[in-house]
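The values are calculated or read from the model by the stated rules, or taken from the named source; none is laboratory data. As the structure is a computational prediction, the values presented were derived from the model and not from experiment. Counting neighbours? That spans all protein chains shown, and the Cβs are built from the backbone with ideal geometry, glycine included. Protein only, heavy atoms only, side chains kept; ligands, DNA and RNA dropped before computing areas. Shrake-Rupley method; radii C 1.70, N 1.55, O 1.52, S 1.80 Å.
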2 protein chains.
Amino acid sequence: MKQAKISEAVVRRLPIYLQVLNEMHLREIQTVSSQELGVKLDLNPAQIRKDLAYFGEFGRKGIGYDVVYLIEKIRQILKVDQTIKVALVGAGNLGHALCNYNKYSKDNMQITAVFDVHPGKIGSSINNLRVLPMSELVKTVEEQKIRIGIITVPAFEAQNVANQFIEAGIEGILNFAPAILRVPEEVRIHNADFTKELLSLAYYLGREGDAQDESDLD
Amino acid sequence: MKQAKISEAVVRRLPIYLQVLNEMHLREIQTVSSQELGVKLDLNPAQIRKDLAYFGEFGRKGIGYDVVYLIEKIRQILKVDQTIKVALVGAGNLGHALCNYNKYSKDNMQITAVFDVHPGKIGSSINNLRVLPMSELVKTVEEQKIRIGIITVPAFEAQNVANQFIEAGIEGILNFAPAILRVPEEVRIHNADFTKELLSLAYYLGREGDAQDESDLD
DNA sequence: TAGATTGTTAATCGATTAACAATC
DNA sequence: TAGATTGTTAATCGATTAACAATC
């Protein structure tokens, strides 16, 4: 019954649950119901219960979910109960931001290698990591058993970087470049291109320049 | 027939269409079919046609879509045919990255004001913009008619920043902080929290530590 | 004309929500 | 026991895909 085939929508909610649960844990809340989670996250409680039930029976009828236990379980599901090593290419401002974030986060995702294509950047240090040349990428990824690659280079260099990650046998790529990358089926790719977020946000602006136009609803 | 009620899924695809069309335009491609777009984007052609048809008849039967015309139309739909002003709070590495991006992008989204809560940052310059204190936020947003706010501060400060944006009458917020923000219904909020992207990516790793387990499919 | 491709309706598929027995 | 809340099945809702007439 395990792994019935979980939809992407479900997987994307898991980190959100984790975030709220972590906050609750900090506030020393022991137990939470799907109802309460639903209010906090603006989600239907049934959906939350169903999401969790795909992976096991984590709650107790009449009681709710134990916060600590549920955190542990979701971390297992997301595979961040172990440390997952991450490589980053692109030692610009965005790369710096991600590396710094790394320091404070307790998510078990650890950036352990940083690369850059530009000779000027190589050898400098970010968050105690020496920036390495691209020529070291494949070797380093293999040796350190790095599983995820982050791309924070300009769009025109992104596919090249992806290709090197693929050659090195990376399993997942988080791409910040505004480019559509071609990767083999077995490599998972997530795009985190904020320009697209901004553009879709712009869509929802207005009812202002154009006045409140509720005349042709049907 | 206009604005039948467009689903979020549709809106989120529009910037992707725009990106590919822009690329095609650079390569001087004049006309494109939903078929071709579908191949490039790994989407069903019928879906692309349907998405576009929500907003008007942009194509020509037997021919396809004129690239330049479709770009223009999608920009109108997304309201980026006009310049949209954006304010950013948090002059850290991420804030820098977004401001720089600004320079190169021709998306008509323009960051015109940068703020920070920390006195040490105030007065420094990012991409020709003086970093202003939070006390100037409301006034600046109103005066400059800024419509979108970007939040790149630590999680614990994010809600405060959001509240100030709301007070200033902002219409949309792009939040990079790993925090769930409460905003009034009329303010649109998009979360661009990359930790969640990384965590959901981690879910898809593996079939490696655990061996290829195809035994209990049904 | 024949081939291509749109816009759109109908069919399918999948995700969300409601409802409720089980049980703490 | 009575009240609360889960896990899960059934009902609903919405999104994707197929199919095709219209037409370039």
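Could you state how much accessible area is buried at the B-A interface, both sides summed, with a 1.4 Å probe, in Å² to the nearest 100? Intermediate values should be presented prior to the final figure.
Working: alone 14360 and 14370 Å², together 22990 Å².
So the buried area, both faces added, is about 5700 Å².
Name the residues of the stretch A:64-79, by number, that are at least 20 Å² less accessible with every protein chain in place than in the isolated chain; the surface is that of heavy atoms, probe 1.4 Å, without ligands or nucleic acids.
When all protein chains are present, A:Leu78, A:Lys79 each give up 20 Å² or more of accessible surface.
Can you list the distances in nanometres, one decimal and ascending, from the A:Gly123 label point to the identical position in each other copy, with the point 7 Å along Cα to Cβ?
For A:Gly123, the other copies' label points sit at 3.5 nm, shortest first.
Which one of B:Leu43, B:Gln30, B:Val67 is farthest out on the positive end of the charge dipole of the stretch B:1-74, using unit charges on Cβ (Lys, Arg +1; Asp, Glu -1) and the Cα centre as origin?
My answer, from the dipole projection, is B:Leu43.
Report, as a whole number in µm² per second, the diffusion coefficient that Stokes-Einstein gives for the stretch B:84-199 at 25 °C and 0.890 mPa s using the Kirkwood radius over alpha carbon pairs.
For the chosen part, D equals 175 µm²/s.
Kindly identify residues of the stretch A:81-114 having a loss of at least 10 Å² in accessible area between the isolated chain and the assembly of all protein chains, probe radius 1.4 Å.
Listed by number, the residues meeting the 10 Å² cut-off are A:Ile84, A:Asn93, A:Leu94, A:His96, A:Ala97, A:Leu98, A:Asn100, A:Tyr101, A:Asp107, A:Met109.
Of B:Leu181, B:Leu43, B:Leu205, which is the most mobile in a GNM of chain B whose springs link Cα atoms less than 10 angstrom apart?
B:Leu205
One decimal, nm, shortest first: give the distances between the label point of A:Asn108 and those of the same position in the other copies, each label point 7 Å from Cα along Cα→Cβ.
4.6
What nm distances, shortest first, do you get from the label point of B:Ser33 to those in the other copies when the point sits 7 angstrom along Cα to Cβ?
Ordered by increasing distance: 5.7 nm.
Measure off, as a whole percent, the carbon and sulfur share of the 1.4 Å-probe accessible area of the stretch A:1-66, all protein chains present.
Roughly 52 percent of what the probe reaches on the stretch A:1-66 is carbon or sulfur.
If amide H atoms are built 1.01 Å from N in the plane of the peptide, which residues on other chains or at least 5 residues away come under 5 Å of the amide H of B:Ile150?
Amide H neighbours of B:Ile150, under 5 Å, 5+ apart: B:Ala87, B:Leu88, B:Val89, B:Leu174.
Over chain B, what is the percentage of antiparallel beta bridges among all DSSP beta bridges, to the nearest 5?
Details: 6 of 27 bridges.
Here the antiparallel bridges make up roughly 20 percent for chain B.
Only Cα pairs within less than 10 Å get springs; with that Gaussian network setup on chain B, which residue of B:Val39, B:Val68, B:Val131 has the largest fluctuation?
The residue that fluctuates most here is B:Val39.
Looking at the protein assembly as shown, what % of the alpha carbon pairs are farther apart than 42 Å?
16
Which entries of B:Lys73/B:Lys145; A:Lys106/B:Lys103; A:Lys196/B:Lys61; B:Lys40/B:Lys106; A:Lys40/A:Lys79 have Cα-Cα distances beyond 27 Å here?
Where the Cα-Cα span goes over 27 Å, the pairs concerned are A:Lys106/B:Lys103; A:Lys196/B:Lys61.
Averaged across orientations, what area in nm² does the convex hull of the alpha carbons in the stretch A:8-77 project?
The orientation-averaged projected area of the Cα hull of the stretch A:8-77 comes to 4.1 nm².
For chain B, state the semi-axes of the equivalent ellipsoid (square roots of 5 times the eigenvalues of the alpha-carbon gyration tensor), sorted largest first and rounded to whole angstrom.
Values: eigenvalues 241, 138, 58 Å².
Result for chain B: semi-axes of 35, 26, 17 Å.
I'd like the distance between the alpha-carbon centres of the stretch A:139-160 and the stretch A:1-40, rounded to an integer number of Å.
The stretch A:139-160 and the stretch A:1-40 have Cα centres spaced 30 Å from each other.
Since chains B and A are linked by a rotation, which residue in B has the beta carbon closest to its axis, and how far is it in Å?
Residue nearest the B-to-A axis, with distance in whole Å: B:Asn93, 2.
Where in the stretch A:2-40 does the amide nitrogen come within less than 15 Å of the point 7 Å from the Cα of A:Ile63, taken along Cα to Cβ?
A:30-34
List the residue ranges in chain A for DSSP H helices whose C-alpha atoms run 24 angstrom or more along the long axis and whose Kyte-Doolittle average is -1.0 or above.
A:8-26
In square angstrom, what is the accessible area per residue of the stretch B:84-199 with a 1.4 angstrom probe?
On the way: 5040 Å² over 116 residues.
I get 43 Å² per residue for the stretch B:84-199.
How much of the accessible area of the stretch B:84-199, probe 1.4 Å, is carbon plus sulfur, in whole percent?
Here it works out to 50 percent.
Give me the accessible area per residue for the stretch A:8-77, probe 1.4 Å, as a whole number in Å².
For the stretch A:8-77, the per-residue accessible area is 56 Å².
Please enumerate, by chain and number, the lysines with C-alpha under 18 Å from the C-alpha of A:Lys139, excluding those fewer than 8 residues away in the same chain.
A:Lys85
Need the per-residue list for the stretch A:147-179: every residue with at least 30 Å² less accessible surface in the complex of protein chains than in the chain by itself, probe 1.4 Å, sorted by number.
So the qualifying set is A:Arg147, A:Ile148, A:Glu171, A:Leu174, A:Pro178.
Counting only DSSP beta bridges with both residues in the protein assembly as shown, tell me the antiparallel percent, nearest 5.
Rounded to the nearest five, the antiparallel share is 20 percent.
Antiparallel as a % of all DSSP beta bridges within the stretch A:1-124, to the nearest 5?
40
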